[in-house]
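See structure below.
The values are calculated or read from the model by the stated rules, or taken from the named source; none is laboratory data. Note that the structure is predicted; figures quoted are calculated from it, not measured. Counting neighbours? That spans all protein chains shown, and the Cβs are built from the backbone with ideal geometry, glycine included.
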Amino acid sequence: MSESNQRRPLSFSNDWIESVLVSAVRDMPVEDAIVVNLSTAALHYKVGGDHGTILPWKSTMLRHCTIESGDTAALLHVRQRTNLGGLALGWDWYGHRNPQFPRATPLYISSQDDIGNVQLDPVSAFTQQTSVATSPRRYRLKLNLWYTPEETDCGIHTGHQFLEVHTQVLGTGHMQKFRENNADTLYEDVLMPPGFTHDPFFAIANDRSFTYPWHRYYADTDCIWMAVELHPL
């Protein structure tokens, strides 16, 4: 049996956002953190005589609680907000990675932490529907943070080659869907408050192929959010 509560800092943990990965979670106290369940089983927590659950690939904000059981989780805690933009000085402006990215958009990405392999059936894991698949598929789980200042349009896009969801860490933003690559064709606007992980935007077929609508992140305030990526193997 694995040793309980194995912890390590995530590669993007810094002076502003403490970021920790914990596995084999058992009776672990949480003082103040956003807890992201990075596994296919529910995570269970308690405070006094009350009990709660964080579903797979979802998150919440916990204070003065105890996580009773869970497979793998990320814990994120905002250490300070002063000079918040300073964290981007050690990150990469996204335009360096994408030549087509708008030159005037201040979007910054942290290092990516390669967590490891996971096995899941994405249809049942993300849609709560019964799948015709006979076996789970292997994915590589990777995490990174994003930062952008207030009133930033992070760009409408599609075509990801991996499954992803996002967890809001600081500030308030939006995950939005569009019929076309045009802001006037908005048809769904998901508010992203701190501690919230949105439902997947991708659609999964029974053969486990997937597609994305046109979508974007839009920041109302200075925002930090975490990308949870599952890359098919």
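Tell me the strands (runs of 3 or more DSSP E) entirely within region 1-57 that contain at least 1 residues that are on the phi > 0 side of the Ramachandran plot. Those strands (runs of 3 or more DSSP E) span 17-37.
Considering only residues in region 95-108 that are touching a strand residue (DSSP E or B) at 6+ places or on another chain (Cβ under 8 Å) and surrounded by fewer than 18 Cβ atoms within 10 Å (Cβ to Cβ), the one that is modelled with the lowest pLDDT turns out to be R97. Among the residues of region 176-186, is any assigned by TED's automatic domain parsing to the domain that holds D121, surrounded by fewer than 18 Cβ atoms within 10 Å (Cβ to Cβ), among the aromatic types (F, W, Y) and in a strand (DSSP E or B)? No. Among the criteria (1) in contact with a Phe, Trp or Tyr (Cβ under 9 Å, 6 or more places away or on another chain); (2) more than 21 Å from G171 (Cα to Cα); (3) crowded, with 19+ Cβ neighbours inside 10 Å, the one E68 does not fulfil is (3).
In the set E18, E31, only one residue is exposed (fewer than 13 other Cβ atoms within 10 Å of the Cβ), touching a His at 6+ places or on another chain (Cβ under 7 Å) and at pLDDT 95 or above; that residue is E31. Checked against the criterion of being free of Cβ contacts under 8 Å to residues at least 12 places away in the same chain and surrounded by fewer than 20 Cβ atoms within 10 Å (Cβ to Cβ), region 84-94 contains one or more residues that satisfy it. Can you find, within region 197-226, the residue that is surrounded by the fewest Cβ atoms within 10 Å (Cβ to Cβ) among those that are part of a loop (DSSP other than H, G, I, E, B) and among the hydrophobic types (A, V, I, L, M, F, W, C)? Per the criteria, the residue is A205. Annotation: of all residues in region 112-127 being touching a residue at least 40 places away in the same chain (Cβ under 8 Å) and within 14 Å of the chain's Cα centre (by Cα), the one that is farthest from G90 (Cα to Cα) is F126. If the condition is being touching a helix residue (DSSP H, G or I) at 6+ places or on another chain (Cβ under 9 Å) and β-branched (V, I, T), then region 174-227 contributes I204, I224.
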